[in-house]
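The values are calculated or read from the model by the stated rules, or taken from the named source; none is laboratory data. This is a predicted model, so every value here is computed, not measured. Positions of Cβ are backbone-derived with ideal geometry, glycine not excepted, and every protein chain shown enters the neighbour counts.
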Amino acid sequence: MIVFADHFGDPCYLCRCFVEYTDRDVAIPIRPYAMAADGYDTTEDRCLATCRRDERCRVAVYGMIGGRKVFTCEFYEKIDSRNSPKYSPFVNIYIKKSSCPFKDDIFESVKMIPADNSSLKRRLKHEKLAQRPNPHEG
């Protein structure tokens, strides 16, 4: 098993197994069923490999969220396709494709924990910021 230690530099290997929406996040009030126990130690490929192995996972969200956690990796059973994806910088949505020719066994799975409210709080904060008027526009 190969363990990739950092978040930057290595191109995403398993991204081709997903439909990727860059700078997008899941709309409120959809809540993930699980998330990575330690987002900082999670790489994009490890997050996606975990989603591929989990029968419940249809959508993975991975991105840089800042704060103490720095990175997030969340797993969803479904999303609201009429309201998602929403613009959110540095966060990507990955919708699992039905098949993929690439092996995911070279990546270690992340430890999953039941989702808490941190995901909803983060997305609510981004939606509020997106609704604020620009003070520099007249």
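What the table below lists for this structure:
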item: Positions within region 65-115 being in contact with a Pro (Cβ under 6 Å, 6 or more places away or on another chain) and not β-branched (V, I, T), in sequence order; result: E74, F75, Y76, A115
item: Residue in region 21-40 that is at positive phi and in contact with a strand residue (DSSP E or B) (Cβ under 9 Å, 6 or more places away or on another chain) present; result: yes
item: Of all residues making up region 88-102, the number that are assigned to a loop (DSSP other than H, G, I, E, B), modelled with pLDDT of 90 or more and not aromatic (F, W, Y); result: 5
item: Region 19-39 residues that are over 13 Å from E127 (Cα atoms), paired with ones that are charged (D, E, K, R) and at pLDDT below 90 (beta carbon under 8 Å, 6 or more apart); result: I30/K78; I30/D80; M35/D116; G39/K69
item: Residue within region 99-107 that is touching an Asp or Glu at 6+ places or on another chain (Cβ under 6 Å) and either surrounded by fewer than 16 Cβ atoms within 10 Å (Cβ to Cβ) or among the hydroxyl-bearing types (S, T, Y) (or both) present; result: no
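Table: residues versus (1) out of contact with any helix residue (DSSP H, G or I) (no Cβ under 7 Å at 6 or more places or on another chain); (2) surrounded by fewer than 15 Cβ atoms within 10 Å (Cβ to Cβ).
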position: F18; (1), (2): no, no
position: R24; (1), (2): yes, no
position: I30; (1), (2): yes, no
position: G39; (1), (2): yes, no
position: R46; (1), (2): yes, no
position: G63; (1), (2): yes, no
position: V70; (1), (2): no, yes
position: K78; (1), (2): yes, yes
position: Y87; (1), (2): no, yes
